[in-house]
1. Where does each of 7, 90, 29 land when they are ordered by accessible area, with a 1.4 Å probe and the largest first?
2. Given the options 94, 45, 19, identify the residue whose Cα lies farthest towards the positive end of the charge dipole of the chain (+1 on Cβ of Lys, Arg; -1 on Cβ of Asp, Glu).
3. Among bridges DSSP assigns within the chain, what percent are antiparallel (round to 5)?
4. Calculate one ³J(HN,Hα) per residue across region 113-119 by plugging θ = phi - 60° into the Karplus curve 6.51 cos²θ - 1.76 cosθ + 1.60, and present them in order as whole Hz with x for glycine and proline.
5. So how strong a dipole does the chain carry about its Cα centre when Lys and Arg Cβ are +1 and Asp and Glu Cβ are -1, to the nearest 20 debye?
6. Using a Förster distance of 30 Å, how high is the FRET efficiency between residue 29 and residue 2, based on the Cβ-Cβ distance and rounded to 0.05?
7. If you plug each phi of region 79-84 into the Karplus form 6.51 cos²θ - 1.76 cosθ + 1.60 with θ = phi - 60°, what whole-Hz ³J(HN,Hα) values come out, in order, with x for Gly and Pro?
8. Distances longer than 18 Å among the Cα atoms of region 65-119: what percent of all pairs is that?
Amino acid sequence: MIGPIDHVYLWVADLDAATAFYGEVLGLHMIRREGEEWAEFDAGPIRLALHGVEALGARGGGGATAVFRVEDLDAARWQLAERGAAFDDHEGEVPGFARFATFHDLDGNPLQLIEYVRA
């Protein structure tokens, strides 16, 4: 049902400054960027992504979200809900790329499931 951790993303207040830090200071190779909302880096077997808060109208940064890959988002979500996981309203889709749903652990840490579009 739940696959391996696919990627971890960090909330950042300034995506340009953060991409410069992770790219130039840490030397990670950026593999994808979408405006002021998202940037992904090759960090080995698990990708590291940055999620800009400015695009969401939020302030500040900090925190991380672990994202687990699943083959069937609807089935995985149903099974986890049956076991007591509480999903919130933050679910969505990047058309032609992936669908995702967010839930939280017992301490309120955000976790996500992601189902990629099959080619």
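The values are calculated or read from the model by the stated rules, or taken from the named source; none is laboratory data. Computed from a predicted model, the values in this text were never measured in an experiment. Neighbour counts run over all protein chains shown; Cβ positions are idealised from the backbone, glycine included. For the accessible areas, the whole protein counts, side chains as well, though only heavy atoms, and no ligand, DNA or RNA atoms are used. Shrake-Rupley method; radii C 1.70, N 1.55, O 1.52, S 1.80 Å.
1. Details: 7 5, 90 85, 29 120 Å².
These residues rank, largest area first, as 29, 90, 7.
2. 45
3. On the way: 26 of 36 bridges.
Antiparallel: roughly 70 percent of the beta bridges in the chain.
4. 10, 9, 10, 7, 5, 7, 6
5. Working: 9 positive and 21 negative charges, 50 e Å.
Taking the Cα centre of the chain as origin, the dipole is about 240 debye.
6. Values: r = 28 Å, r/R0 = 0.93.
About 0.60, to the nearest 0.05.
7. So the Karplus estimates, Gly and Pro as x, are 4, 5, 5, 4, 8, x Hz.
8. Values: 374 of 1485 pairs.
Here the tail beyond 18 Å accounts for 25 percent of pairs.
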